[in-house]
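Peer 1: Following this message is one structure expressed as structure tokens.
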Amino acid sequence: MTASTPPHSTAQYENSQLVSLQVNGETYEVVTEARRTLADVLRQDLGLTGTHLACEHGICGACTVLLDGAPARACLMFAAQAEGSAVRTVESLADGEELSDLQQAFSDHHGLQCGFCTSGFLMLAEGFLAERPEPSRAEIRETVASNLCRCTGYQTIVDAIEDCATKRRAAFQAQLDGESP
Amino acid sequence: MKPAAFTYHRGRDVDGVTRLLRELGEDAKVLAGGQSLVPMMNFRLARPQHLVDIAGLRELVGIHNDPDGALRIGALTTHHAVETAPSTRVGRNHAVVREAMRWVGHLPIRTRGTVGGSLAHADATAEWCLLAILLDAQLTVRGPDGERAVPAADFFHGYFTTALDSDELLTEIVFPRPAPHSALTEFAERHGDFATVSAAVSLDLAEDGDTVRGARIVLGGVDALPVRCPEAEAVLSRDRPGTGGVLDECAEAAAEHIDPPSDDNGSAHYRRLLTRTLVRRACEEAMTR
Ligand SMILES: Cc1cc2nc3c(=O)[nH]c(=O)nc-3n(C[C@H](O)[C@H](O)[C@H](O)COP(=O)(O)OP(=O)(O)OC[C@H]3O[C@@H](n4cnc5c(N)ncnc54)[C@H](O)[C@@H]3O)c2cc1C
Ligand code: FES
Ligand code: FES
């Protein structure tokens, strides 16, 4: 085949790059424009639409994912910046049809109504609890202030996170007790 | 909105980055944690043609205690790394630096945003800018022609402008002296958002724990730059702050010293009232440290 017009306009071609992403334990190679955010690539290229996108300037937290375990705004980073880090999205929580303990707690406590904000809150809470397994209620309240929910009024979200933390600690204690002779 | 197109460069070391910045000129921007730059690009308030990602410059990450009592923090250290630093790293003498971090944005902002990015961005209410002025920090800056140290008082020039040239990197912030009796407090409508007004106080207390040998009071959110309040500082050095009415006088002097703006976050009058309350609160916290 003879070389003719490149597949993209020159401008687009110049700004495209190959990005290798590790998401929920799988490796993906994506050719994308440099200006595309991690949130856009997750949703549009990888089809992981559980990560939501609303304000696109860091205020609402709908796009929160975990980056090497720490909660981060996927709308405030370009996909290339995530290279070399392990990304986790809300799709990693459930095991098939079975909800994770955190998701179940949100369901039990009515920590969602319309559900638009939920994936962001789940990933925020997942990262927060991994670092602070014994948070006070005040700390949970301060942490969830980072994300916006227009439906629930937050109390039920705080209840869900607190309950999940309590159950995780109890399970951990039971495991320790079971191990001791 | 989505950002305008740009070319992405990944920096490998400080020298390579500063040379590249010189080559690319004014159309290039440094990308650190992206927590200020990317929102501006998403709004298209910033449209750099080149972004130089410095996140890989691990030499700029870290918290160090010098034997002479100075605390040095690398520019790429995240707010969250400072917030969670053990007291062997950020000790009692600089506790105010660690404690101020819980006011910087929200957890997902602090895990990405960096010390250097905050100082280079130079928002007048940013906690790092207040801390730099409050504690007389030195900012280490490196360009293609070498390194220089800029005192915090000369670093901030106005709204979002600093002493940095377009081919220079901020590499480190140095807090030269212990400052055990210091505190920072603020008010924002939603905890974690930029403060409407913030107040920071540092006291040089005599051994009796009550006589003030020197005081510094810095306010954020009331002008284009963090503002010092010499009149209010003088009140504290003149009378023992523990005695009746001195803190009120000090807070009043600070509120009178400023000429704050009115905007969506609050009127000038409201900012004055906040200033009075917050200066008082910060003084009380600093004294009990
Ligand atoms: C919702 C939200 C709330 C926030 N609330 C607060 C708050 O309450 N207080 C607060 O202080 N901040 C707040 N921030 C901003 C946050 O602290 C940013 O992390 C910080 O201002 C910028 O750091 P960064 O590493 O993300 O820099 P970037 O966004 O990557 O860069 C910011 C600017 O600094 C330049 N730059 C970055 N690093 C260097 C360097 N080493 N040398 C030279 N130039 C450099 C860049 O070119 C750019 O111009 C908030 C942000 C969001 C999104
Ligand atoms: S979409 Fe990312 S914070 Fe709102
Ligand atoms: S459940 Fe509707 S926004 Fe939170």
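Peer 1: For the range B:207-238, name all the residues that are open to solvent by 60 Å² or more (accessible area, probe 1.4 Å) and more than 24 Å from the chain's Cα centre (by Cα).
Peer 2: B:Glu207, B:Asp208, B:Arg213, B:Arg238
Peer 1: From the list A:Arg137, A:Arg168, A:Arg132, which residue is within 14 Å of another protein chain (Cβ to nearest Cβ), modelled with pLDDT of 95 or more and open to solvent by 20 Å² or more (accessible area, probe 1.4 Å)?
Peer 2: A:Arg132
Peer 1: Another question, if that's okay. Can you tell which of A:Leu42, A:Leu67 is away from ligand 3 (no atom under 16 Å from the Cβ), more than 13 Å from chain B (Cβ to nearest Cβ) and closer than 25 Å to B:Gly113 by Cα? Walk me through how you get there before you give the answer.
Peer 2: Numbers: A:Leu67 fails: more than 13 Å from chain B (Cβ to nearest Cβ).
On inspection, the qualifying residue turns out to be A:Leu42.
Peer 1: In addition: Does A:Glu126 satisfy the condition of being under 23 Å from B:Glu83 (Cβ atoms), among the charged types (D, E, K, R) and in contact (Cβ under 8 Å) with a residue 12 or more places away in the chain? Don't jump to the end; show me each part of the working.
Peer 2: Numbers: under 23 Å from B:Glu83 (Cβ atoms): yes; among the charged types (D, E, K, R): yes; in contact (Cβ under 8 Å) with a residue 12 or more places away in the chain: yes.
So A:Glu126 fits the description; yes.
Peer 1: Within the range B:70-82, can one find any residue that is in a helix (DSSP H, G or I) and more than 26 Å from B:Val17 (Cβ to Cβ)?
Peer 2: Taking the range B:70-82 as the starting set, the residues that turn out to be in a helix (DSSP H, G or I) are B:79-82.
Retained after the next criterion (residues that are more than 26 Å from B:Val17 (Cβ to Cβ)): none.
No.
Peer 1: Another one. From B:Val17, B:Val30, which residue is part of a strand (DSSP E or B) and either within 26 Å of the chain's Cα centre (by Cα) or within 10 Å of another protein chain (Cβ to nearest Cβ) (or both)? Even if it seems obvious, please write down each step before you answer.
Peer 2: Values: B:Val17 fails: part of a strand (DSSP E or B).
Answer to the selection: B:Val30.
To keep it simple, each residue is scored yes or no on (1) out of contact with any helix residue (DSSP H, G or I) (no Cβ under 7 Å at 6 or more places or on another chain); (2) among the β-branched types (Val, Ile, Thr); (3) under 24 Å from B:Ile54 (Cβ atoms).
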{"site": "B:Arg102", "(1), (2), (3)": "no, no, no"}
{"site": "B:His106", "(1), (2), (3)": "yes, no, yes"}
{"site": "B:Ala120", "(1), (2), (3)": "yes, no, yes"}
{"site": "B:Thr125", "(1), (2), (3)": "yes, yes, no"}
{"site": "B:Ile133", "(1), (2), (3)": "no, yes, no"}
{"site": "B:Pro144", "(1), (2), (3)": "no, no, yes"}
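Peer 1: Can you tell me which residues in the range A:18-51 are in contact with a Cys (Cβ under 8 Å, 6 or more places away or on another chain) and small (Gly, Ala, Ser)?
Peer 2: The one that is in contact with a Cys (Cβ under 8 Å, 6 or more places away or on another chain) and small (Gly, Ala, Ser): A:Ala39.
Peer 1: Can you find even one residue in the range B:54-62 that is surrounded by fewer than 18 Cβ atoms within 10 Å (Cβ to Cβ) and among the β-branched types (Val, Ile, Thr)?
Peer 2: At the first step, the residues of the range B:54-62 found to be surrounded by fewer than 18 Cβ atoms within 10 Å (Cβ to Cβ) are B:56, B:58-59, B:61-62.
Add one more test, that the residue is among the β-branched types (Val, Ile, Thr), and what stays is B:61.
The answer is yes; a qualifying residue exists.
Peer 1: Out of the residues in the range A:21-39 that are within 16 Å of the chain's Cα centre (by Cα) and surrounded by fewer than 20 Cβ atoms within 10 Å (Cβ to Cβ), state the one that is farthest from the other protein chains (Cβ to nearest Cβ). Break it down stepwise before answering.
Peer 2: The initial filter retains those residues of the range A:21-39 that are within 16 Å of the chain's Cα centre (by Cα), namely A:21-26, A:37-39.
Applying the additional criterion that residues be surrounded by fewer than 20 Cβ atoms within 10 Å (Cβ to Cβ) yields A:22, A:24-26.
On the way: A:Gln22: 16, A:Asn24: 18, A:Gly25: 21, A:Glu26: 23 Å.
It comes out as A:Glu26.
Peer 1: Also, quick follow-up: Considering only the range A:89-105, I want to know if a residue exists there that is within 16 Å of ligand 1 (Cβ to nearest atom) and either open to solvent by 30 Å² or more (accessible area, probe 1.4 Å) or under 19 Å from A:Leu18 (Cα atoms) (or both).
Peer 2: Narrowing the range A:89-105 to residues within 16 Å of ligand 1 (Cβ to nearest atom): none.
No, that holds for no residue.
Peer 1: In contact with a Leu (Cβ under 6 Å, 6 or more places away or on another chain), open to solvent by 30 Å² or more (accessible area, probe 1.4 Å) and assigned to a strand (DSSP E or B) - does that describe any residue in the range B:155-166? Quick ask: steps written out before the conclusion?
Peer 2: Taking the range B:155-166 and keeping what is in contact with a Leu (Cβ under 6 Å, 6 or more places away or on another chain), we get B:155-156.
Now drop any that are not open to solvent by 30 Å² or more (accessible area, probe 1.4 Å), which leaves none.
No; the residues of the range B:155-166 include none that is in contact with a Leu (Cβ under 6 Å, 6 or more places away or on another chain), open to solvent by 30 Å² or more (accessible area, probe 1.4 Å) and assigned to a strand (DSSP E or B).
Peer 1: Identify all residues within the range B:1-14 that are outside any loop (DSSP other than H, G, I, E, B) and not polar (S, T, N, Q); write none if there are none.
Peer 2: If we filter the range B:1-14 for residues that are outside any loop (DSSP other than H, G, I, E, B), which is where we start, we get B:7-10, B:14.
If the condition is that a residue be outside any loop (DSSP other than H, G, I, E, B) and not polar (S, T, N, Q), then B:Tyr8, B:His9, B:Arg10, B:Val14 are the ones that fit.
Peer 1: If only one of B:Leu51, B:Leu45 is within 12 Å of another protein chain (Cβ to nearest Cβ), of a type in the set (A, V, I, L, M, F, W, C) and in contact with a His (Cβ under 8 Å, 6 or more places away or on another chain), which one is it?
Peer 2: Details: B:Leu45 fails: in contact with a His (Cβ under 8 Å, 6 or more places away or on another chain).
Just a single option satisfies the conditions, and that option is B:Leu51.
Peer 1: Next up: Among the residues of the range B:77-104, write down those that are under 26 Å from B:Val14 (Cβ atoms) and at pLDDT below 95.
Peer 2: B:Arg89, B:Val90
Peer 1: Could you please tell me which pairs satisfy a Cβ distance under 7 Å, a separation of 6+ or placement on different chains, a first residue in the range B:33-57 that is free of Cβ contacts under 8 Å to residues at least 24 places away in the same chain, and a second residue that is part of a loop (DSSP other than H, G, I, E, B) and crowded, with 20+ Cβ neighbours inside 10 Å?
Peer 2: As it stands, the answer is B:Pro39/A:Gly58, since those pairs meet every condition given.
The values are calculated or read from the model by the stated rules, or taken from the named source; none is laboratory data. Quick caveat: nothing in here was measured; it's all calculated off a predicted structure. Cβ coordinates were reconstructed from backbone atoms using ideal geometry, including for glycine residues, and neighbour counts include every protein chain displayed. Just so you know, the surface numbers come from the protein's heavy atoms only, side chains and all, with ligands and any DNA or RNA stripped out. Shrake-Rupley method; radii C 1.70, N 1.55, O 1.52, S 1.80 Å.
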